[in-house]
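First up is the structure itself, then whatever we jot down about it.
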Amino acid sequence: MAFAPPRLLPLPPPPSAAESTRAVSARHHGGRTAPELSGPTPRVVVVTSGKGGVGKTTTTANLAASLARLGLPAVAVDADAGLRNLDLLLGLENRVHLTAADVLAGDCRLDQALVRHRALQDLHLLCLSKPRSKLPLAFGSKTLTWVADALRRSPNPPAFILIDCPAGVDAGFVTAIAPAEEAVLVTTPDITALRDADRVAGLLECDGIKDIKIIVNRVRPDLVKGEDMMSALDVQEMLGLPLLGVVPEDAEVIRSTNRGVPLVLNDPPTPAGLALEQATWRLVERDAMTAVMVEEQERPKKKGGFFSFFGLERFICCDGVEEICNSGLMA
């Protein structure tokens, strides 16, 4: 059975060029300028996926920057011992001189290894080690557990510790998830990323991490409408996990990465920046997106239809995607 194009619900007017990302988020949350923090702090969240190249580091950088903008102190930890990139996305590549490995070796204090962001006073970066270096084998998977415990005991503990997990499920993965209590699973709507994400979700649950939410990244609404890409709702149903956010494909992501400026700091806001800002609100409040399934009238069968098996046209319609729709990406 084939489908008609998805029916979009009425949307509010699009944001003006002068309207900031925070103003848009406030409009979506009843006029509130900041989310209500849920649970004891610091909350340790690992951002992972299994597959490389799906946007883990970009997501970590923007979640951390958005938290700092909301007045919630955050420490972003790059847990990739040999191929770190988080410092580049935050524009701090020339300021990382000491790392967690130096702290563990007794060469410096933990507060000396924390690099404060230039524009965001509540955002700090901690790199696990320097490029092409190795961690002392004696520490093993307990390395970041010790770091998280030290941050908890510090005079001014952060509200969030975000751990950027390396790709794969080897020793680096085990080290990154060891101190985590929550996980953000980043995936793209393709079968290779989804298979890896499903495997990682199982490993996280086996390690005792039950609070797992997914961010579907690089969504192309035009391909979803043409039945050439899975929708965010299909991804959610396949993985069986709550949905934290849906981030559209956005050329501004590349520009932002090359400039070393998190996307959520762009003014005027971009579609991907809005989606990541709203995902941050949900993370803080332990909330999730609400998906709406819309059934349309039948139309002549389209050969090769990607979703013809399901008998429904599936589409995510919620607060975050409404802003994306406004930008014209869903037209």
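The values are calculated or read from the model by the stated rules, or taken from the named source; none is laboratory data. Nothing here was measured: the structure is a model prediction, and the numbers come from that model. Quick reminder, even Gly has a Cβ in these numbers, built from the backbone with ideal geometry, and neighbours come from all protein chains shown. Heads up: the accessible areas ignore ligands, DNA and RNA and are worked out on the full protein's heavy atoms, side chains in. Shrake-Rupley method; radii C 1.70, N 1.55, O 1.52, S 1.80 Å.
What is the count of Lys pairs in the range 108-259 whose alpha carbons sit under 25 Å apart, if the two are 8 or more places apart or on different chains?
Taking the range 108-259 as the scope, the lysine pair count is 5.
Solvent-accessible area of ARG259, probe 1.4 Å, all protein chains present, reported in Å² to the nearest ten, please.
In the full protein context, ARG259 sits at about 130 Å².
Let me check I have the definition right: for the range 76-184, take the eigenvalues of the Cα gyration tensor, multiply each by 5, take square roots. What are those semi-axes in whole Å, largest first?
For the range 76-184, the ellipsoid semi-axes come out as 19, 16, 15 Å.
Kindly sort VAL235, VAL169 by accessible area of their heavy atoms, largest first, with the probe set to 1.4 Å.
VAL169, VAL235
Principal axes first, then extents: for the Cα atoms of the range 145-300, list largest minus smallest coordinate on each axis, whole Å, largest first.
That gives 63, 40, 28 Å along the principal axes, largest extent first.
Let me spell out the model: positive unit charges on the Cβ of Lys and Arg, negative unit charges on the Cβ of Asp and Glu, origin at the Cα centre of the range 170-296. What dipole size does that give, in debye rounded to 20?
Here the range 170-296 has a charge dipole of around 340 debye.
Under a point spin-label approximation (7 Å from Cα along Cα-to-Cβ), what is the ALA119-ASP228 distance to one decimal in nm?
3.5 nm
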